[in-house]
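Right, one structure below, let's go through it.
The values are calculated or read from the model by the stated rules, or taken from the named source; none is laboratory data. Small disclaimer: the values here were computed from a predicted structure and weren't measured. Positions of Cβ are backbone-derived with ideal geometry, glycine not excepted, and every protein chain shown enters the neighbour counts.
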Amino acid sequence: MSATLQNVVRIGLALFMTVAGVAHFISPRSYVQHLPESVPFRGELVAITGLMELVLAAGLVGPRRFRGVTGVALAAFFVLVFPANVYAAVSQVPIDGVPTGWLRWARLPLQLPLIAASLWSTRRGGR
């Protein structure tokens with residue numbers, strides 16, 4: 001049962017990351033708005049992070065021998081993008097499709113379960 005649940009969570013994360021990665025290319029403006037104007041090459045950074053999300057999604061469903069390192073890399077990715085989410089919550093700058101106010105704050109704690117799911121679903125035992 002645990003291995004089955006791990007697989008469901010791992011595949012769910014892969015789908016989530018695929019959608020997010022594609023969205024970076026379809027609608028980059030809203031992701032650029034998550035970054036302060038002082039950050040150089042914001043558009044390029046959004047494209048790079050979108051590509052990283054797609055690579056990580058592939059690693060989640062790819063060969064089993066890569067899943068452990070993919071889980072650690074995905075957890076690190078969630079930690080590294082967290083400051084952009086904090087900026088969006090604190091600054092309240094207009095972001096296309098992301099309401100201002102409490103919702104931006106409410107999504108911050110969701111990073112912890114995403115990190116935990118990344119590590120748990122890719123540890124040995126998952127198929």
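Given (1) among the polar types (S, T, N, Q); (2) farther than 19 Å from Ala116 by Cβ; (3) assigned to a helix (DSSP H, G or I), identify the lone condition not met by Asn85.
(2)
In region 24-54, what residues are surrounded by 13 or more Cβ atoms within 10 Å (Cβ to Cβ), among the β-branched types (Val, Ile, Thr) and modelled with pLDDT of 95 or more?
Within region 24-54, Val46, Thr49 meet the criteria.
Taking the stated definitions as given, is Phe77 within 17 Å of the chain's Cα centre (by Cα), hydrophobic (A, V, I, L, M, F, W, C), in a helix (DSSP H, G or I) and over 28 Å from Trp120 (Cα atoms)?
No, not satisfied.
For region 54-74, name all the residues that are closer than 17 Å to Leu114 by Cβ and either charged (D, E, K, R) or assigned to a loop (DSSP other than H, G, I, E, B) (or both).
Arg67
Considering only residues that are surrounded by 13 or more Cβ atoms within 10 Å (Cβ to Cβ) and touching a helix residue (DSSP H, G or I) at 6+ places or on another chain (Cβ under 8 Å), which ones fall in region 94-115? Before you say what the answer is, go through the steps one by one.
Step one: of region 94-115, the residues surrounded by 13 or more Cβ atoms within 10 Å (Cβ to Cβ) are 95, 98, 100, 104-105, 107-108, 111, 114-115.
Once the filter is applied, which keeps residues that are surrounded by 13 or more Cβ atoms within 10 Å (Cβ to Cβ) and touching a helix residue (DSSP H, G or I) at 6+ places or on another chain (Cβ under 8 Å), region 94-115 yields Ile95, Val98, Arg104, Trp105, Arg107, Leu108, Gln111, Leu114, Ile115.
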